[in-house]
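Contents: one structure, followed by commentary.
Only the coordinates and a few stated rules stand behind these numbers; no lab work does. Nothing here was measured: the structure is a model prediction, and the numbers come from that model. Heads up, the Cβs are rebuilt from the backbone with ideal geometry, glycines too, and the neighbour counts pull from every protein chain shown.
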Amino acid sequence: MKQALVLITLLLLGISLIRPVYLSEQSLQHAPTVIAIAFLAIDSRKNRISRTSFVCVTLFLWLHILGARYIYSFVPYDAWSFRLIGTSISDWLGWNRNHYDRLVHFLFGILCIIPAAELSEYYGKLSRKWALGFAMLAVLSVSALYEVFEWLLTVVMVPQHAEAYNGQQGDIWDAQKDMALAFCGAALMVGVLVLCRYTRKTT
């Protein structure tokens with residue numbers, strides 16, 4: 001199953017690179033994608049993480065591949081929803097910006113808790129309870145470091161290229177909102193796992 005998911009992910013990545021709208025930004029967007037796929041490929045043979053964790057990481061990669069094709073700020077979900085239901089999501093919810101990036105930050109918090117907990121158990125020899133706490137801190141740390149990385153790009157790159165990568169869309173509080181959503185997603189997932197007695201059972 002794991003190897004099939006790796007192949008599907010590679011296929012989706014290849015399809016996303018066919019005549020992309022923002023060709024010059026794809027290499028920067030997909031540098032972490034290649035690293036993550038390599039990690040999945042290695043794990044598909046060594047089985048260091050569970051199938052649940054593997055699926056979580058894979059789903060996040062699929063979300064990222066879609067977002068990267070449109071540099072997040074221009075994922076055309078409004079056009080898709082208009083074709084399906086005759087109205088756009090933004091009109092329905094009163095949105096003034098593209099919120100796909102916010103969705104991915106929220107789902108990052110949800111999807112990365114179990115993999116982070118399992119890795120901390122495997123390499124750090126932590127108990128399930130402490131592993132969940134570590135996973136929560138890890139998700140928040142990665143989210144913050146990513147925002148710092150985006151800020152550094154903004155400093156060193158010309159403005160139009162920086163905006164194409166970090167997708168602030170004119171919101172000066174974009175980084176804080178993204179981190180808050182990652183925290184909410186992580187907290188929600190930890191709460192669900194505790195209620196499901198994850199700390200007492202194997203995944």
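The C-alpha atoms of the chain define a longest principal axis, and helix 51-69 lies at about 10 degrees to it.
Per-residue ellipticity at 222 nm from helix content only, as computed over the chain with -39500 (n - 2.57) for each DSSP H run of at least four residues, stands at -25500 deg cm²/dmol.
Going from the fewest other Cβ atoms within 10 Å to the most, the residues Arg19, Arg97, Arg128 appear in the order Arg19, Arg97, Arg128.
The label-point distance for Arg51 and Leu84, in a model that sets each label 7 Å from Cα toward Cβ, rounds to 2.7 nm. Sorted fewest first by neighbouring Cβ atoms within 10 angstrom, Glu118, Glu147 come out as Glu147, Glu118. With an 8 Å cut-off on Cα pairs and a minimum separation of 6 or more residues, tell me the relative contact order of the chain in percent. Normalised by residue count, the contact order of the chain is 23 percent.
Could you please state, rounded to a whole Å, how far the C-alpha centre of segment 1-68 is from the C-alpha centre of segment 72-92? After rounding, the separation between the Cα centres reads 25 Å. About its Cα centre, the dipole of segment 2-195 is roughly 840 debye, where the only charges are +1 on Lys and Arg Cβ and -1 on Asp and Glu Cβ.
Each of Trp92, Leu126, Pro115 was placed along the dipole of segment 86-144 (beta-carbon charges, centred on the mean Cα), and the one lying farthest toward the positive end is Leu126. Derived scalar couplings between HN and Hα for segment 82-92 equal 5, 5, 7, 10, x, 8, 8, 4, 5, 5, 5 Hz in order, rounded to whole Hz, by the Karplus curve 6.51 cos²θ - 1.76 cosθ + 1.60 (θ = phi - 60°), x for Gly and Pro. A Gaussian network model of the chain, with springs between Cα atoms under 10 Å, assigns the largest mean-square fluctuation among Leu23, Leu12, Leu93 to Leu93. Ordered by the number of other Cβ atoms lying within 10 Å of each residue's own Cβ, fewest first, Ile110, Ile85 fall into the sequence Ile85, Ile110.
The HN-Hα couplings worked out from phi for segment 115-130 by the Karplus form 6.51 cos²θ - 1.76 cosθ + 1.60 (θ = phi - 60°) are x, 5, 5, 5, 5, 5, 5, 5, 8, x, 6, 7, 6, 4, 5, 5 Hz, whole numbers, x standing for Gly and Pro.
For the chain, the longest principal axis of the C-alpha atoms and the axis of helix 26-46 are separated by about 20°.
Derived scalar couplings between HN and Hα for segment 137-154 equal 5, 5, 4, 5, 5, 4, 4, 5, 5, 5, 5, 5, 4, 4, 4, 4, 4, 4 Hz in order, rounded to whole Hz, by the Karplus curve 6.51 cos²θ - 1.76 cosθ + 1.60 (θ = phi - 60°), x for Gly and Pro.
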